Amino acid sequence: MPVLATTNFNIILSVLGGWVSLFGLVSYLCKESFYLSEALISLLAGVALSPHAANLIRPLDYALGSEENVNAVTLAFSRLVLGVQLVLAGVQLPSRYLKKQWEPLSILIGPIMAAMWLATSLLVWALVPGISLLHALAIGACVTPTDPVLSAVIVKGKFADHNVPKDLQQIIIAESGANDGLGYPFLFFALYLIKYIGDGGVAEQGGARVAMGLWFGETWGYTILLSVAYGAVVGWVAKELLHWAEERKFVDRESFLVFAISLALFIVGTCGMIGSDDVLACFVAGNVFTWDDWFRLETLDDSLQPTIDMLLNVSIFMWYGAVCPWELFSHSEVVPLGRLVPLGILVLLFRRLPWVFAIHKFIPQIEEVRQAIFVGFFGPVGVSAIFYLYVTLEFLHTLDVDGEHRDDVKNLPETVVVVVWFIAICSIVVHGLSIPLGKLGYYLPRTLSRSVASPDGDGPETISPFTIGSRVTTIAIRRRSGGQSGKEASPVSGRAVFKIGGSIIPRRREAPSSELPDQREVVDASRSSSASAVEAVQGLSAQNSVLPPGRTIRFPDESRLPSGQSARVAGSSEP
């Protein structure tokens, strides 16, 4: 008799597949109409399915009951997601972007990043009881980098297209990619000092001199400079090999599209083996890989990279929701909740915003004050912070004496876990809700005041009520009388129709109905030109010259148009 096999493997596949499918059914509504990020929604789903709730995602069971194994899995998963994300971020940038825009980018990842680190560290030092400045510097370094996964909310999609200039989107992508890898110098500056002078030099000999020698030699020389060189070499070699294979028609379309993702996996694995900065190497490799803009332009019509991006984002934030130490936020002995809440608020307000605002005139992409406030506020903390958190925990384990934490860092592991996780959760929630709440707070009072001022819709102009989700419906709904032209439209109802569920960003002005061609004329025109359209497409197919927009490459498996494509092209009349 069949037995229900509720194994961990079956459960996790069912949960992940079911959630991705359910979210996919309403993904456009959530992201493009309500401006909710998939990170926030997946985090909440992870919490609901975690051991604290439905107990369908059980991280401890997957890690053989060991908390250290859970930490190792979380670190490896974060490395994977950051590696893929940063290669794709580098590929998205235009040709030679790092070379052309090195001045504003150096400002963002130099003085502004240093100011973010110091400001966050001082807030941690002031609000976390019994913590030293060195420990605060280590915690502040974990949350200094801006997260490329959460930054995608403001550089992709309809909101970015309507509100964020293209050059500003690009500098945000470049900064979030570069400063992720540059978190190592800030973190290990504090960690090396903790190791060699934290206990007065009892456990480790050499003092600050050895600590700074290791910081310059290992962190800057081996970790940073080697990763930049390695990423540039691997990206350039990969680009040349792909050029060579494409010119000889050795590569098919599927392998061409997945090449950037496989490149990310290769770099993460090899950099992990040599102990270099895989995050920074991935970003540099992605930008060098498309240095001549060839790969970026050839994949403009590609949906594989965004698809992989979405799957990784949904998966990792579900995992974060399940492994986050929620119980420590309210029951921690090192940081009470009464200090965590103001710390999270102050970090979001003062970690980045004042410094970007103060120096924005030196960044050409930030042209207005409101853009400076926007860029300063949207510097989210997410996957990169969790990555550096577990890098810190790994380093602190090397300071153990006889299997026990050294006296001066006895409470540091728990402190860094609680503070970094809490700030990351605050950022995911606040930045995930900022855009929809900001739009709601801006438009709703004005809409209500307008509808009260003109309750019957008889004013000089028709006023549109507030909507979040579909085309704005006018207050005065009118109908044609008898279908005859020249007669005045009569109001059906003077009551405002408030509808939740549509776009609050104004769309492009559509042509009035009087200027649109009659439907019968369109049908007649399409019928008269259908034969010539089919003949034209068949001729192009015979010459093997039909390609999607932006493409110049024809792959060997695309020598002939797929079945039905000619009809699809002939029938498409959209611009």
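The values are calculated or read from the model by the stated rules, or taken from the named source; none is laboratory data. Since the model is a prediction, treat every value here as computed from it, not as a measurement. Counting neighbours? That spans all protein chains shown, and the Cβs are built from the backbone with ideal geometry, glycine included. SASA here: full protein model, heavy atoms, side chains in, ligands and nucleic acids out. Shrake-Rupley method; radii C 1.70, N 1.55, O 1.52, S 1.80 Å.
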Return a yes/no flag: does the range 195-203 have any residue that is within 31 Å of the chain's Cα centre (by Cα) and either modelled with pLDDT under 95 or closer than 17 Å to Gly275 by Cα (or both).
-> no
Looking at (1) touching a Ser or Thr at 6+ places or on another chain (Cβ under 7 Å); (2) not in a helix (DSSP H, G or I), which is the one condition that is false for Pro94?
-> (1)
So, of the residues in the range 1-39 that are touching a helix residue (DSSP H, G or I) at 6+ places or on another chain (Cβ under 7 Å) and among the β-branched types (Val, Ile, Thr), which turns out to be farthest from Leu437 (Cα to Cα)?
-> Val15
Report whether or not Leu56 is over 22 Å from the mean Cα position of the chain (by Cα), modelled with pLDDT of 90 or more and among the hydrophobic types (A, V, I, L, M, F, W, C).
-> yes
Report, by residue number, each residue of the range 231-279 that is more than 30 Å from Thr552 (Cα to Cα) and either at pLDDT below 90 or not aliphatic (A, V, I, L, M) (or both).
-> Gly269, Thr270, Cys271, Gly272, Gly275, Ser276, Asp277, Asp278
The one condition in (1) at pLDDT 90 or above; (2) outside any loop (DSSP other than H, G, I, E, B); (3) surrounded by 16 or more Cβ atoms within 10 Å (Cβ to Cβ); (4) more than 21 Å from the chain's Cα centre (by Cα) that Val335 fails to fulfil = (2)
Would you mention how many residues in the range 24-49 are surrounded by 15 or more Cβ atoms within 10 Å (Cβ to Cβ), of a type in the set (Gly, Ala, Ser) and more than 14 Å from Ile316 (Cβ to Cβ)?
-> 3
Quick one: which of Ser176, Ser121 is buried (at least 23 other Cβ atoms within 10 Å of the Cβ), among the small types (Gly, Ala, Ser) and over 24 Å from Gly83 (Cβ atoms)?
-> Ser121
Those residues of the range 52-64 which are touching a helix residue (DSSP H, G or I) at 6+ places or on another chain (Cβ under 7 Å), outside any helix (DSSP H, G or I), within 17 Å of Asn10 (Cα to Cα) and open to solvent by 50 Å² or more (accessible area, probe 1.4 Å) amount to Ala54, Leu56
With the condition kept exactly as written, say whether any residue in the range 124-141 is aliphatic (A, V, I, L, M), touching a residue at least 12 places away in the same chain (Cβ under 8 Å), touching a helix residue (DSSP H, G or I) at 6+ places or on another chain (Cβ under 8 Å) and not in a helix (DSSP H, G or I).
-> yes
Among the residues of the range 214-222, is there at least one that is in contact with a Pro (Cβ under 7 Å, 6 or more places away or on another chain), part of a helix (DSSP H, G or I) and either surrounded by fewer than 24 Cβ atoms within 10 Å (Cβ to Cβ) or free of Cβ contacts under 8 Å to residues at least 24 places away in the same chain (or both)?
-> yes
If you scan the range 338-354, which residues turn out to be of a type outside the set (A, V, I, L, M), open to solvent by less than 20 Å² (accessible area, probe 1.4 Å) and part of a helix (DSSP H, G or I)?
-> Gly344
Residue check, Asp161 modelled with pLDDT under 90, among the acidic types (Asp, Glu), surrounded by fewer than 21 Cβ atoms within 10 Å (Cβ to Cβ) and not in a loop (DSSP other than H, G, I, E, B) = yes
Taking the range 93-119 only, how many residues are under 30 Å from Gly338 (Cα atoms) and within 22 Å of the chain's Cα centre (by Cα)?
-> 4
What is the residue count in the range 259-279 for residues that are among the aliphatic types (A, V, I, L, M), closer than 25 Å to Gly217 by Cα and open to solvent by less than 10 Å² (accessible area, probe 1.4 Å)?
-> 2
Those residues that are of a type outside the set (Asp, Glu), without any contact (Cβ under 8 Å) to a residue 12 or more places away in the chain and under 27 Å from His162 (Cβ atoms), I need them from the range 341-368; list them, please.
-> Leu349, Lys361
Identify, from the list Glu204, Glu254, Glu246, the residue that is in a helix (DSSP H, G or I), without any contact (Cβ under 8 Å) to a residue 60 or more places away in the chain and open to solvent by 20 Å² or more (accessible area, probe 1.4 Å).
-> Glu254
Selected residue (criterion: modelled with the lowest pLDDT) from residues of the range 281-292 that are open to solvent by 10 Å² or more (accessible area, probe 1.4 Å) and under 20 Å from Ser176 (Cα atoms) | Trp291
Does Phe357 satisfy being assigned to a helix (DSSP H, G or I) and open to solvent by 20 Å² or more (accessible area, probe 1.4 Å)?
-> yes
Among (1) open to solvent by 30 Å² or more (accessible area, probe 1.4 Å); (2) in contact with a helix residue (DSSP H, G or I) (Cβ under 6 Å, 6 or more places away or on another chain); (3) of a type in the set (Ser, Thr, Tyr), the one test that Tyr388 misses = (1)
Among Ser315, Ser330, which is the only one that is open to solvent by 50 Å² or more (accessible area, probe 1.4 Å) and among the polar types (S, T, N, Q)?
-> Ser330
Given (1) open to solvent by 30 Å² or more (accessible area, probe 1.4 Å); (2) modelled with pLDDT of 90 or more, where does Lys156 come up short, assuming only one miss?
-> (2)
Select from the range 179-201 the residues that are open to solvent by 50 Å² or more (accessible area, probe 1.4 Å) and either touching a helix residue (DSSP H, G or I) at 6+ places or on another chain (Cβ under 6 Å) or assigned to a helix (DSSP H, G or I) (or both) and list them in ascending order.
-> Phe189, Ile197
Examine the range 65-73 for a residue that is in a helix (DSSP H, G or I), small (Gly, Ala, Ser) and farther than 27 Å from Glu327 by Cα, and state whether such a residue exists.
-> no
